[in-house]
1. Please report the carbon-and-sulfur percent of the accessible area for the chain; probe 1.4 Å, protein heavy atoms only, DNA, RNA and ligands left out.
2. With θ set to phi - 60° and the Karplus curve 6.51 cos²θ - 1.76 cosθ + 1.60, what are the ³J(HN,Hα) couplings of region 110-119 in order, to the nearest whole Hz, using x for Gly and Pro?
3. Modelled label-to-label distance, Ser83 and Gln152, 7 Å Cα→beta-carbon offset: nm?
4. Taking amide H positions as placed 1.01 Å from N in the peptide plane, with prolines and chain starts having none, which residues 5 or more places from Ser94, or on another chain, fall under 5 Å of its amide H?
5. Rounded to whole Å, give me the distance from the Cα center of region 26-62 to that of region 89-111.
6. In whole Hz and in residue order, list the ³J(HN,Hα) couplings for region 153-168 that follow from phi through the Karplus curve 6.51 cos²θ - 1.76 cosθ + 1.60, θ = phi - 60°; x for Gly and Pro.
7. For the chain, compute the number of Lys pairs whose alpha carbons are separated by less than 12 Å, excluding pairs fewer than 8 positions apart on the same chain.
8. Using alpha carbons only, how many degrees (0 to 90, rounded to 10) separate the axis of helix 64-75 from the longest principal axis of the chain?
Amino acid sequence: MALVRSCPVLHHPFAPWIAPPEQLARTLVGREEALKNILEKVESMSKGGGAKHVLVIGPRGMGKTHLVCVIHHYVSQRVAARSDLPGLPKDCISVLFVEEEYAAHDTLANFLLALCSKLHEADPGEEGWRLPERLREEPDRAVIDCCLERVQTVSARRRKKLVILVDN
């Protein structure tokens, strides 16, 4: 059975996922090359080529979460375009999963339910993200099939690529 458990998001002194987008963009220090490189990959992907996965690895405190949040805001067009970065991708939808949400995503079915929920939040006018009411009570296989079908159908119809950012 596919049940999504609630997971409170912990509040830390500095939580990039709740900081204002422009503040995050202004305070990104020493990661401009990584930002540019990843955004170039997103741009390439949006045009049908390039990397399908990017992995950012580094020691604790180096700014990985900050970087991922800036990427999310840039792709979501919540921050102004910069001349030193690739143009804002208009054919991408960005979804951010932060580490504090992991307890609720213990199965692929729960992850996909959360993905569709986040897509609906980001794009409330798109009825395709609205899932059947009782889907959470269905077996995992049915949940996975339904969610993947929605993602593929809406993405193809709207000609949008998904940028799914998972922190840690």
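1. Working: 5330 of 9760 Å².
With neighbouring chains kept in place, the figure for the chain is 55 percent.
2. 5, 4, 5, 4, 5, 4, 5, 5, 5, 5
3. Spacing of the two 7 Å Cα→Cβ label points: 4.5 nm.
4. Val163
5. When both Cα centres are located, 17 Å separates them.
6. For region 153-168, the Karplus curve yields 5, 5, 4, 5, 5, 8, 6, 10, 9, 9, 10, 9, 9, 10, 7, 6 Hz.
7. Working: Lys41/Lys52; Lys47/Lys90; Lys47/Lys160; Lys47/Lys161; Lys52/Lys161; Lys90/Lys160; Lys90/Lys161.
Count of close lysine pairs: 7.
8. 80
The values are calculated or read from the model by the stated rules, or taken from the named source; none is laboratory data. The structure presented is a predicted model; accordingly, all values stated were derived computationally and were not measured. Note that we place each Cβ from the backbone using ideal geometry, even for glycine, and neighbour counts take in every protein chain shown. Heads up: the accessible areas ignore ligands, DNA and RNA and are worked out on the full protein's heavy atoms, side chains in. Shrake-Rupley method; radii C 1.70, N 1.55, O 1.52, S 1.80 Å.
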